[in-house]
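Chemist: Dumping the structure here so I can ask a few things about it.
None of the figures in this text is laboratory data; all of them are computed from the coordinates on show. Note that the coordinates shown come from a computational prediction; the quantities given were computed from them, not determined experimentally. With ideal geometry, Cβ positions are generated from the backbone for all residues, glycine too; neighbour counts draw on all protein chains shown.
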Amino acid sequence: MLLSAKKISPALRYVLGVGVSLLALMLQFGVAMSVGTRVPFLLFIPLVALAAALLGSGPAAIVLFTGFLYGCSIFLPFGTFYVGDIRDQLALALFVVVGIFFIFVGRKVRMVVNRAVDAELALLNEKLTRERADDEQLRALYQQVRISEERYRNLFDSMDQGFCVIDVIFDDAGVAVDYKVLEMNPAGIAIYGLGDVVGKTIKEVVPHIGSYWIDTYAQVAVTGRPVRFENKAQSSGRWFEGYASRVGDADSRKVALLFTDVTVRKESEARLSLLAADLSEVDRRRTEFLAVLAHELRNPLAPIRSGLDILKLSGANPQIVERMRDMMDRQVTHMVRLVDDLLDIARINGGKIDLKKERVTLQSIVSAAVEANAPMIDTARHRLHVVMPDEAIKVSVDPTRMVQVLGNLLNNAAKYTPPGGRIDLSVARDDGQIVISVEDNGVGIPEAEQPFIFDMFNQVGRNMDLSHGGLGIGLSLVKRLVEMHDGSISVVSGATHGGGTTFTIRLPSSVSVGDEPPLAGGVAAPLRTGMLKILVVDDNADAAQTLASLLEFKGHSIRVANDGVEALEVVEDWIPEVGLIDIGMPNLNGYELAQALRKNPALDSMALVALTGWGAENDRTLSREAGFVEHLTKPVDFDAIETVLERIGRAP
C-alpha cells in the first residue's frame with residue numbers, strides 16, 4: 001500500500017525531495033564512474049516519477065531541477081552556457097520534458113493513490129469501528145454471561161432446597177436403568193445425606209433404590225413433560241417432594257430436579273390426622289355421652305314423678321307411702337351416684353382431687369364395697385364368693401376412693417352378668433404386691449373393645465343387645481383412682497378367657513403398713529343434750545324448707561333465710577348455734593355472709609357449715625378461709641348432716 005503525501009507535512013516533503021535529489025546525484029555519480037556519462041539521467045527520471053507520486057510536484061521538481069543541473073554540468077563547458085552538440089541539447093530537453101511529464105503523471109498517480117488509500121482507510125476505519133463495536137458487544141455479552149453465571153452459582157449454592165441435574169441412563173432396549181448425577185448444590189447434598197454424589201450413578205450410591213425414582217425421571221426425559229412428585233424413599237425412610245423437568249431439546253436425557261425433605265411435615269400430617277381421628281372419636285363419644293346422660297337422668301326422675309302422683313292419689317295409705325319412699329330413695333341414690341361420678345372425673349381431669357389416706361384394713365374396704373352393692377347383687381340372684389387372707393392386710397389408702405373402685409367393679413359385674421351368675425372377689429399377695437381380682441361369668445367384653453374399655457365415655461356393652469345403662473365413665477374413674485394410688489388395673493375377657501370378665505388391680509407394696517400403736521386420746525365428750533338452734537340459708541326455697549322440715553323432725557329449732565341479706569336480718573334478734581349456708585347465692589354469697597357473721601361478737605360460738613354444689617378442693621379451701629368448719633357437697637345424705645351436727649354438739 002502506497003504512503004499518502006497527505007500524511008506528510010509540506011516542509012518534510014520538500015526536505016525529503018532535497019534528500020532524494022542528493023541521493024539521485026550521488027547514485028548517478030557512482031553510475032557515471034562505472035559506465036561514464038552515457039546515461040546521465042538513468043536514475044533521475046525514475047526518482048522524479050517516484051518523488052512526484054509520493055511527495056508531490058514540488059519535491060519532484062527539485063529532483064528534476066537537480067537532474068537538469070547535473071545534465072548541464074555534463075553537456076555545457078564549465079563557465080559557459082553553451083551546449084555543444086545537438087544530441088546533448090536534445091537529451092537535456094528530452095530529460096526536462098520527460099521529467100515534467102512524470103511530474104504531471106506522478107501528480108495524477110498520487111491523486112489516484114491518495115483517493116484509493118483514503119477509500120481503503122475509510123473501509124479500514126469502518127471495519128475497525130465495526131470490530132470495535134463487536135468487541136464491545138462481545139465484552140458486554142461476556143460480562144452478562146459472567147454475571148449471570150455468578151448469579152446462578154450464588155443461587156445454586158445458597159438456596160435451601162436441593163437442586164441437581166442428572167443424566168438418565170437407558171439400556172439398549174430403551175429402558176431406564178440408572179441415572180448419573182452431573183451436579184448438585186450443597187443443600188441437595190445435605191438433604192440426600194449420602195455424601196458427595198456428583199459424578200456417580202445413583203446405583204453406585206444406593207444399590208437397591210426403588211424403581212419409582214428412575215421411572216419418574218425417565219418419563220420426564222423422554223416426554224419432556226415436567227412432573228411434581230412426593231414419595232417416600234424406602235432406603236432411608238424419608239419423604240421427598242420435588243419438581244422434575246427436562247434440560248435441553250428432545251434428544252436430551254438430562255433432567256433438572258428441585259427437591260426438599262418433607263419428612264417432618266409428613267410426620268406432622270400423620271400426627272394431625274391421628275389427632276383429628278381421636279378428636280372425632282372423642283366428639284362422637286361426647287355426643288353419645290350427652291344422650292346417655294339425658295337418658296340416665298330421666299330414668300330415675302320418671303319413677304320419682306310417678307311416685308309423687310301416687311302419693312297425691314293414695315292419701316295416707318302407709319303401705320303405699322312406705323313403698324314409694326323406698327323407691328324414691330333408690331332413684332335419688334342412683335342420681336347422686338351419677339352426679340358424684342361426674343364430679344369425680346372432672347376433679348381428676350382438673351387435678352383438683354386429693355387422696356385422704358388413712359391406715360385401714362383391706363378387709364374393711366372390701367366389706368364396705370360388698371355391703372354397698374349387696375342389694376343389686378341379691379336382686380339379680382348372683383352368687384358372690386369373697387376370698388380374703390386370714391391375716392388382716394393393713395394399708396395406707398383413701399378408703400372412700402378404694403371402696404368406690406371396688407364398688408364400681410362389683411356393680412359392673414352384677415350388671416353384665418345374667419341373673420343367677422357367679423361373681424368372685426379375691427385379695428392376695430403376689431411378689432410383694434397386693435392383688436385384688438373381681439371375676440364374673442357374664443357376657444364378657446368383645447376383644448375389639450378391650451383396648452378402649454378404660455377410655456372416657458366408653459360404656460361396657462354399648463353395642464350389645466343387652467343394655468344396662470350407665471354413663472361410660474365408671475371404669476375410667478376406676479383406672480385413674482387406682483393410678484393415683486400408684487397401682488395398675490388390667491382386664492381379661494372373651495373366649496380365650498372362658499367367657500366372663502376379670503378385672504385385676506395391683507397395688508404396690510408401699511401401700512402396706514405395719515402395726516402402729518393406738519393413738520392416744522381421751523374419752524369422747526358427751527353429746528350435748530337438747531335441741532340446736534340452726535339457721536338454714538339457701539336461695540332455693542324448696543331445698544331450704546325441705547331441710548328445715550327434716551331438722552324440725554329431729555327436734556331442732558330452725559329459722560330459714562333465702563339469701564344472705566335476709567340471714568343477717570334474722571340474726572339481729574335470734575342467735576343460732578349452727579348455720580347451714582349455701583355458697584352460690586345472689587346479692588350476698590355464702591363466703592361474704594360468713595365473713596359478715598364472723599364480725600358479729602354475739603355469733604363467735606356459731607358453727608358455720610357450707611352446704612353447696614361446689615365441691616372442688618379449691619372451693620373447700622375458700623370455705624375454710626371464710627370461717628366454715630365443715631363443707632358438705634349437695635346432694636347431701638341427711639345422715640351426713642346429722643353426723644356433722646352430732647360432732648358440733650359434742651364440742652365444748
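Chemist: Between Ala602 and Arg624, 0.36 nm times their residue separation minus their Cα-Cα distance comes to what?
Modeler: 5.9 nm
Chemist: Say a paramagnetic label sat at a point 7 Å from the Cα of Leu124, along Cα to Cβ; which residues of the stretch 42-77 have their backbone N under 20 Å from it?
Modeler: Counting backbone N atoms under 20 Å from the label point, the list is 53-56.
Chemist: Expressed in nm², what is the orientationally averaged projection area of the convex hull enclosing the Cα positions of the stretch 117-222?
Modeler: Answer in nm², one decimal: 11.2.
Chemist: Which lysines does Lys599 reach when only Cα atoms under 23 Å apart count, and residues fewer than 8 places away in its own chain are ignored?
Modeler: The reachable lysines, counting only those whose Cα sits under 23 Å from Lys599, are Lys533.
Chemist: When we measure straight from the Cα of Lys479, which lysines land under 23 angstrom away, once same-chain ones fewer than 8 places off are left out?
Modeler: Of all the lysines, those that pass the test against Lys479 - Cα under 23 Å, at least 8 places apart if same chain - are Lys352, Lys356, Lys357, Lys394, Lys415.
Chemist: For Lys200, list the lysines whose Cα falls under 23 Å from its own Cα; do not include residues on the same chain fewer than 8 positions away.
Modeler: Cα-Cα hits under 23 Å: Lys180, Lys232, Lys254.
Chemist: Return the FRET efficiency for the residue pair Tyr212, Asp283: r is the Cβ-Cβ distance, R0 is 35 Å, and the value is rounded to the nearest 0.05.
Modeler: That gives a FRET efficiency of 0.40.
Chemist: Cα convex hull of the stretch 162-261: how many Å³ per residue?
Modeler: With only Cα atoms used, the stretch 162-261 gives 87 Å³ per residue.
Chemist: Please list the radius of gyration and Dmax for the stretch 533-650, considering alpha-carbon atoms only, with Å as the unit.
Modeler: 12.8, 35
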